[in-house]
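Participant: This structure is in structure tokens; I'll ask about it shortly.
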């Protein structure tokens, strides 16, 4: 009985040590996984037109140039600040023709925030007569965030915000291959589990 009791008293500390080692080995993988997803969840906000806001462009304003010099990802937001104007979300055909009839969505609140909730193209024009023709229109291409990249499915990408992926100029695009981060984390976790199990077996054998 004494021998059995002695063996048990040695095994319990060994199991506790294995538990600590197991947690230490897995913690970096979990932290890396959370860090990879964090940037995409937060998103960025872009103020359209900078300090001048959403208005008919002048010599110092070019919405096309502004869009080309920024990178937009799913989860980002566009902020439109304006007065006595409006923001229309339209398809590509209406964008090219400056057609303000039957937009996909219309805003007149003076401080509009639009979430870029899918990959592809988003088209915006002013609803005021003549403004679009004078250059007050914007088209942005939204890409999948690298941390959330996934293999594209067989169908178009669905949109939960203004417009739909089935609309012209709003098709899903920018699909990317599956992220290597998730694969690396899974492999690291597997190695950690195997190492912990090997240590546990070794310690138990030493107690015999």
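A short reminder: the numbers here are calculations on the coordinates, not readings from a lab. Owing to the predicted nature of the structure, the values given are computational and were not obtained by experimental measurement. Cβ sites come from the backbone with ideal geometry, for glycine too, and all protein chains shown count toward neighbours.
Participant: Which order do the peptides 93-105, 76-88 come out in when sorted by mean C-beta neighbours inside 10 angstrom, highest first?
Facilitator: Result, highest mean Cβ count within 10 Å first: 76-88, 93-105.
Participant: Out of all DSSP beta bridges with both ends in segment 44-148, state the antiparallel percent to the nearest 5.
Facilitator: 75 percent
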